[in-house]
Amino acid sequence: MQNYDCVIIGAGAAGLMCAATAGQRGRKVVVLDHANKVGKKILMSGGGRCNFTNYEIEPGNYLSANPHFCKSALSRYTQWDFIALVEKHGLAYHEKTLGQLFCDHKAKDLLNILLAECESAGAEIRTHCDILSIERHPDTGLYTLTTGLGVYQCQSLVVATGGLSIPTMGATGFGYDIAKQFGLKVTRRDAALVPFTFKGPWLALAQSLAGVALAARVTCNGQSFAEALLFTHKGISGPAALQISNYWYPGDSISVDWLPQLKIDEQLARWRSAASKAQPVTLLAEHLPKRFITAWLDHFGLAHLKEKPLADWRNEDIGQVADTLHRWPMQPTGTEGYRTAEVTRGGIDTDGVSSKTFEAKNTPGLYFIGEVLDVTGWLGGYNFQWAWASGYCAGEYV
Ligand code: FDA
């Protein structure tokens with residue numbers, strides 16, 4: 001029997017942060033992970049450079065059945081706290097866009113900071129550790145974990161097993177099973193921050209435009225994002241598609257504005273009154289790629305306008321062009337799923353968890369942190385900031 005004050009399941013972003021914080025308080029901590037190495041998602045994140053936080057972190061950047069739940073932790077451990085930590089270790093980083101902070105070199109540099117913090121705090125880490133069963137002693141309240149590496153006993157058990165995305169990297173639903181075992185509710189879960197897939201004519205259109213990326217404004221269920229949108233051989237991807245996937249449910253349609261900075265009806269009317277002799281496609285090509293213009297007009301039955309001199313365009317023609325370009329309705333069939341999703345939307349119902357300590361309200365000594373909870377951030381470093389904040393705050397109490 002190996003005795004610890006605190007056992008943390010999951011050596012990812014939240015688990016390592018929690019281990020370092022608890023260890024620094026003098027708690028005897030061990031982190032158990034079934035994978036062959038720690039922090040795999042950190043290593044693969046941000047194209048290998050880890051978008052580790054964002055200059056602009058607000059509760060409004062997160063989705064949850066209880067939008068207030070994330071507020072306390074985000075205000076007690078902010079992006080500035082994490083930036084101070086990485087600066088203490090001399091990490092070279094830069095802002096890429098929209099406040100998103102990336103490592104200059106490799107995500108491994110960031111992981112090494114967390115591991116150094118764990119080491120200096122005396123927190124131990126075990127990989128290749130399968131957890132076979134968990135029991136809580138009804139009298140002592142101690143937890144007993146039977147694992148492939150022996151039996152562990154602890155006062156505080158922290159579940160930091162993350163979400164379901166990228167199962168090949170070690171993601172499992174184990175955290176949800178533990179929650180259910182101890183009587184906590186788990187909300188509906190969906191792949192999120194994920195590319196969309198199409199069928200039929202929409203798929204044909206996407207395939208004909210595969211590789212074309214444009215700055216667009218996408219809207220779904222009252223939420224909009226203005227970022228790059230990319231056509232793929234399966235549907236759409238790029239930051240705008242990933243962001244809006246957080247707000248999309250099967251059956252919903254997404255509206256796309258391909259020229260958010262311009263009122264194309266006013267521009268077309270100006271060209272018409274200037275009696276421009278240029279082909280409409282040539283004029284539109286000042287704002288959009290030719291390949292896109294052709295595919296768009298064909299798809300919406302407006303191919304006849306390609307050759308029609310602008311002087312002859314009726315207001316109705318201009319209206320149709322403006323309507324399809326500014327409010328292009330897209331009906332995804334689905335998403336690429338957990339295979340490529342960056343996160344899981346939904347998770348352990350936060351009503352059952354303290355937003356201050358992250359302890360389960362019905363089970364003393366049991367804590368849940370990070371993505372396993374029903375808190376999902378936008379693309380742009382928000383999910384890691386949630387992992388750092390929830391890991392740190394729980395680490396103060398475990
Ligand atoms: P995380 O997934 O990091 O860790 C969970 C750990 O639990 C893993 O080590 C896993 O092996 C372990 N585990 C799971 N089941 C277990 C079991 N049964 N037994 C033992 N251990 C188990 N976010 C962001 O803010 N910026 C970014 O740049 C990116 N980029 C990005 C790229 C890609 C490709 C993905 C998939 C995700 C991102 N993310 C991101 C999201 C971010 O990686 C994610 O939200 C955090 O890693 C969540 O941290 P957690 O610690 O909660 O889980």
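The values are calculated or read from the model by the stated rules, or taken from the named source; none is laboratory data. These numbers were taken from a predicted model, which means no experiment stands behind them. In this analysis, Cβ positions are derived from the backbone assuming ideal geometry, glycine residues included, and neighbour counts consider all displayed protein chains. Heads up: the accessible areas ignore ligands, DNA and RNA and are worked out on the full protein's heavy atoms, side chains in. Shrake-Rupley method; radii C 1.70, N 1.55, O 1.52, S 1.80 Å.
Using only Cα atoms, find the angle between the long axis of helix 290-299 and the longest principal axis of the chain, and express it within 0 to 90 degrees, rounded to the nearest 10. Orientation of helix 290-299: about 80 degrees from the principal axis.
Rg ratio for the stretch 196-335: its Cα radius of gyration over 2.2 N^0.38 Å, N being its residue count, equals 1.06. One chain, two ends: Lys308 and Ser253. Fully extended at 0.36 nm per residue, the span grows by 16.7 nm beyond their Cα-Cα distance. Per residue, the convex hull around the alpha carbon atoms of the stretch 1-143 comes to 148 Å³.
Of Lys37/Lys185; Lys37/Lys106; Lys263/Lys306, which pairs sit farther than 21 Å apart, going by alpha carbon to alpha carbon? Too far apart for the 21 Å limit: Lys37/Lys185. In whole angstrom, note down how far apart the Cα centers of the stretch 239-309 and the stretch 77-94 are. Measuring centre to centre over Cα atoms gives 42 Å. Annotation: per residue accessible area for the stretch 196-335 equals 45 Å², rounded to a whole number [probe 1.4 Å, protein chains only].
In this structure Lys234 has an accessible area near 90 Å², from a 1.4 Å probe over the protein heavy atoms. Across the chain, Cα pairs under 8 Å and at least six residues apart give a relative contact order of 26 percent.
Three principal axis extents describe the C-alpha atoms of the chain; from largest down they are 85, 42, 34 Å.
Mean separation of Cα pairs under 8 Å and 6 or more residues apart, divided by the residue count, gives the stretch 196-335 a relative contact order of 30 percent. Normalised by the number of residues in the stretch 79-155, the mean separation of alpha-carbon contacts (under 8 Å, six or more apart) gives a relative contact order of 15 percent. Quick one: if the Förster radius is 22 Å, what FRET efficiency do Ser276 and Val212 give, using the C-beta to C-beta distance and rounding to 0.05? E(calc), rounded to 0.05, equals 0.30. Any of Lys180/Lys234; Lys28/Lys361; Lys108/Lys356; Lys199/Lys290; Lys40/Lys88 with alpha carbons more than 27 Å apart? Name them for me. Going by Cα-Cα distance, Lys180/Lys234; Lys108/Lys356 fall outside the 27 Å limit.
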